[in-house]
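See structure below.
The values are calculated or read from the model by the stated rules, or taken from the named source; none is laboratory data. Just so it is clear, the structure is predicted and the values come from calculations on it, not from any experiment. Here the Cβ positions follow ideal geometry from the backbone for every residue, glycine too, while neighbour counts run over all protein chains shown.
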Amino acid sequence: MQIECAFFGPFRETVGRKTVQWETDATTAGELLAELEAEYGLSVVDDGAVRDGLTVTHNGKYLAHRDGLDTELVDGDVIRFTNAVYGG
């Protein structure tokens, strides 16, 4: 299946592109993130969850508000990576 991966901030600098159409056999977000970490040297997952200070969305919703790394993927999904934004 093909997943669109969009990268913002330092992720874009590391990957070298804003978006990548990623061909994968991954069935969960965790499997996909592991593939992307290996391919691009990203550091997204720590201790079984998305690292603190990072935001990963699945079709516009925070991965943490879905099933986390166990979120199931289907062809055409969009995963976005950015640093979390804090402020007041």
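Being more than 13 Å from the chain's Cα centre (by Cα) and either of a type in the set (Lys, Arg) or at negative phi (or both) holds for only one residue in Val50, Val15, Val85, and it is Val85.
Scan the stretch 29-74 for residues that are in a loop (DSSP other than H, G, I, E, B) and farther than 11 Å from Ile3 by Cβ and the total you get is 13.
When Ser43 is tested against (1) surrounded by fewer than 14 Cβ atoms within 10 Å (Cβ to Cβ); (2) under 23 Å from Val85 (Cα atoms); (3) at pLDDT 95 or above, exactly one condition is not met: (3). Residues of the stretch 10-28 being assigned to a helix (DSSP H, G or I) and either surrounded by fewer than 16 Cβ atoms within 10 Å (Cβ to Cβ) or out of contact with any strand residue (DSSP E or B) (no Cβ under 6 Å at 6 or more places or on another chain) (or both), which ones? Answer for the stretch 10-28, where residues must be assigned to a helix (DSSP H, G or I) and either surrounded by fewer than 16 Cβ atoms within 10 Å (Cβ to Cβ) or out of contact with any strand residue (DSSP E or B) (no Cβ under 6 Å at 6 or more places or on another chain) (or both): Pro10, Arg12, Glu13, Thr14.
Kindly check whether there is at least one residue in the stretch 49-65 that is touching a helix residue (DSSP H, G or I) at 6+ places or on another chain (Cβ under 8 Å) and either in contact (Cβ under 8 Å) with a residue 60 or more places away in the chain or exposed (fewer than 12 other Cβ atoms within 10 Å of the Cβ) (or both). Within the stretch 49-65 (the criterion being touching a helix residue (DSSP H, G or I) at 6+ places or on another chain (Cβ under 8 Å) and either in contact (Cβ under 8 Å) with a residue 60 or more places away in the chain or exposed (fewer than 12 other Cβ atoms within 10 Å of the Cβ) (or both)), the answer is no, since none of the residues qualifies.
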